Structure formats: structure tokens, C-alpha cells
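One structure below.
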Amino acid sequence: MPAPDRPLLTVEHLTMRFGGLVAVHDVSFTAAGRRITAIIGPNGAGKTTVFNCITGFYSPTVGRIVLHGGRGDFLLERMEGYLIAQKARVARTFQNIRLFPRMSVLENLLVAQHNALMRASGMSVLGLLGAAGFRHAEREAVDHARYWLDRTALADVADIDAGTLPYGAQRRLEIARAMCTRPALLCLDEPAAGLNHAESRDLNHLLRFIRDEHEIGVLLIEHDMSVVMEISDHVVVLDYGRKIAEGSPEAVRHSPDVIRAYLGEEEGEALPPEVTADLKGEGGAGAAHERGPAETQ
């Protein structure tokens, strides 16, 4: 397990072009193990494109993306997406919820452990024969799923179809499902989107628990500054595909470049109180973040 300040993920000179559009240009940063790193920026800043490169949905035009694992380094830019999840153990949630709505809550968490169960079953043969090793692996998978049901306050709805859960519960289930893969790095795309204040507070507690008790690095994209500023150990700020600031939440909050990116104001112009509150994490995801359609996040 990486030390708290040792890099878990290294992104070097990442560039992503779509024809003549440069969505991300020469972005470099590190995310440490046992730390929460947030990637923020106005709409169209390139945040989701960076995530898609890390998790294998895109092959970057230029750049190096390294996950530093206990058994060696993984060059993610050279790996297929399914291998990034399976071998490098990078788990991801999405801005738009992607559950199996007609499966139960428990079944969604067991599906996340499909690869381990298939190996234990000898690709189904040992499972059909009822081999002891497979039965043991099956019990472990159920126990692991129930552990995350307890931690996400979903144990009472384990047998309910996932698609019938309230929105906030579906968000928690997505995180629980990602954790059932036993990730080394947990990537969360807008985990607080659509949550109310109480649900955002519960999300903060859950992510701290994952960081502190399970010692897992968390990388998140988030517009809700009340989440970012409260729980992040490190913040990376993008604007128009370029990195404009990086550091602690406190340092980023007072960066003139960050303020200009969110507001577009001239240097020296006074900040409206509602925007100051938003950058401090007191106002949630306010209108200061919206600067037009987000062709590329």
C-alpha cells in the first residue's frame, strides 16, 4: 500500500485531441495514495476527458499515465479499458448513474465481483460441481457485498430492485459497487450531482471513511465546492483543457487564476459575495460554474 504522500497516480503531459479540437493540453499532476484529489474547473474545462483517458475510454494523443501498484507500475495509456479495471484495479463511477436497475441491490454488488467468482469457479465448471473452493469464494463475495451495504446504509434494501431506489441511494450504491471490486484507485465522476445538503454531508463521511479506513486513493470530478473544499487533500484546476492551478483547497481557493476562470472578471474587480461563498464551499454548485454548453468536460 502506498504511503500517504507517495504518488499513486502520475499523469504526465496528457494531451487529447479530437480532430482539430484540443480537449486537454499538456496536463500533468499526481494523486497520492490514501488521499482525496479533486479535479475541478468550469464546464468545458476537460475534466471528464482526463477521467476518460485515465480509465481507458480514450487513448490519449500524447502523454503518460502511470498507476503505481504494489506489484509494479501500470502504464494505463497502453492498456485496454477492461484491463485497467481488472489488473490495475482502477474503479469508476459515472455522472449519469449506471446500475442494473432490474437486479437487486445485493445482486449489483455481486456482479461487481464477477471476475473473482469466475476464476474461483474454474470458468463455471467447479461452480456447477459445487466445489468447496467456489462455495467459499461465493460466501466471501456475499460477505463483502453486505459489508458495503452496511457502510452505505443500504442493508435494509438489499433485496429491492436497484432501479426503485431514491436517487441519493442509487448514488451510494454506485460507490458501494465500485468498492466491491477492491480498487487501488477510486475515480468518482460528479458523485454529489443531484444530492441535497444532507446527502452531500453523508457522501463526505463515506469518502473520508474510504480514504482513512481502507487507505484507498480517491480521484474525483466535482462541481459542488462544499464537497471539494471540505474533504479534498489536493485540488487540480483545469480551464479550457489546461491546468491553471494545483495545491491545497485553501491555496486554490485564493488563486487569482482560479477566480478568473470561474468568473471571467478583470483583475482587481471585487468578487460578488455569492461567488466568494461558492469558492469557499459554502454555496454548493452555483451559477458561477456555468459558462455555456459543455461540449467537452
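No lab work stands behind these numbers, since they all come straight from the coordinates. Note that this is a predicted model, so its numbers are computed, not measured. Positions of Cβ are backbone-derived with ideal geometry, glycine not excepted, and every protein chain shown enters the neighbour counts.
Using the Karplus curve 6.51 cos²θ - 1.76 cosθ + 1.60 with θ = phi - 60°, what ³J(HN,Hα) values do you get for each residue of the range 163-180, in whole Hz, with x for Gly and Pro?
x, 8, 6, x, 4, x, 5, 5, 4, 5, 5, 4, 5, 4, 5, 4, 5, 5
Within the range 21-116, which GluC sites (Glu not before Pro) sit in a loop by DSSP and count at most 13 neighbouring Cβ atoms inside 10 Å?
Details: sites: GLU77, GLU80, GLU107; in loops: GLU80.
Of the GluC sites (Glu not before Pro), the ones in loops of the range 21-116 whose Cβ has at most 13 other Cβ atoms within 10 Å are GLU80.
If amide H atoms are built 1.01 Å from N in the plane of the peptide, which residues on other chains or at least 5 residues away come under 5 Å of the amide H of LEU220?
Excluding prolines and chain starts, which carry no amide H, the hits are THR37, ALA38, ILE39, LEU188.
By count of other Cβ within 10 Å, fewest leading, how are MET179, MET79, MET225 ordered?
MET79, MET179, MET225
Quick one: 3J(HN,Hα) in Hz for the range 26-33, Karplus 6.51/-1.76/1.60 with θ = phi - 60°, rounded, Gly and Pro as x.
6, 9, 10, 6, 10, 10, 7, x
Which whole-Hz ³J(HN,Hα) couplings does the range 34-47 yield from phi under the Karplus relation 6.51 cos²θ - 1.76 cosθ + 1.60, θ = phi - 60°, glycine and proline marked x?
6, 9, 9, 10, 10, 10, 10, x, x, 4, x, 7, x, 4
Quick query: amide H of TYR58 versus all other amide H atoms, modeled in the peptide plane; which residues come in under 5 Å with a sequence gap of 5 or more or a different chain?
CYS53
For ARG89, which sequence-distant residues (separation of 5 or more, or a different chain) have an amide H within less than 5 Å of its own amide H, given hydrogens modelled in the peptide plane?
Long-range HN contacts for ARG89: none found.
Give the calculated FRET efficiency between ALA158 and TYR82 to the nearest 0.05, with a Förster radius of 22 Å applied to their Cβ-Cβ distance.
Efficiency, rounded to the nearest 0.05: 0.20.
List the chymotrypsin sites (Phe, Trp or Tyr not before Pro) within the range 1-88 that DSSP assigns to loop and that have no more than 14 neighbouring Cβ atoms inside 10 Å. Before the final figure, lay out each step's value.
On the way: sites: PHE18, PHE29, PHE51, PHE57, TYR58, PHE74, TYR82; in loops: PHE57, TYR58.
Here the sparse-neighbourhood loop sites are PHE57.
Out of the range 188-257, which GluC sites (Glu not before Pro) are coil in DSSP terms and have no more than 15 other C-beta atoms within 10 Å?
Sites meeting the loop and neighbour criteria: GLU215.
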